[in-house]
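A short worksheet on the structure shown next.
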Ligand SMILES: [Zn+2]
Ligand SMILES: [Zn+2]
């Protein structure tokens, strides 16, 4: 398990070393450019790597994301499906029906339940990745809140970020 993790996840490996031995120099900049971004579920059975940088996070406050993540909002990044490789495991699928009536497939680990990504049935070329499954925070920024009409009142939202009561404008 650990061996596979280290092998698949160069960046995560750096993180583990860094956490235990803070005094070691860490060439973070070089790694973020040359290494693929990696992530996975809580139990580690699902592992993936992404071949392009991710920077923008969109928080979705829709009731389906609240239920499926068990939190106030789902934090997502859109990424081309072609850039994502599953290096271990196969996520289970739940075919959800979005407010639009379209099918939104939600993929999660069948063993530990971690939500991994969602994908519109009509747009298989894009994935909406749950950024909490990334091994490292990377250089990402929350840029937008959507479906804020159903946002939980106790969840702080930065007023300096864009807010949309429903879906994001096309
Ligand atoms: Zn899992
Ligand atoms: Zn949502």
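Structure data summary
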item	result
Every residue from segment 82-99 that is closer than 17 Å to residue 68 by Cβ and more than 12 Å from ligand 2 (Cβ to nearest atom)	91, 92, 93, 94, 95, 97
Cβ pairs under 7 Å, 6+ apart, first in segment 28-53 and more than 14 Å from residue 85 (Cα to Cα) and within 16 Å of ligand 1 (Cβ to nearest atom), second outside any strand (DSSP E or B) and at pLDDT below 85	44/1; 44/5
Every pair of residues 6+ apart whose Cβ atoms lie under 7 Å, when the first sits in segment 63-78 and is within 13 Å of residue 147 (Cβ to Cβ) and modelled with pLDDT of 95 or more while the second is near ligand 2 (Cβ under 8 Å from one of its atoms) and part of a strand (DSSP E or B)	65/74; 73/60; 74/60; 76/60
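The values are calculated or read from the model by the stated rules, or taken from the named source; none is laboratory data. Not measured: the values here are computed from a predicted model. Please note: Cβ atoms are built from the backbone with ideal geometry, for glycine as well, and neighbour counts cover all protein chains shown.
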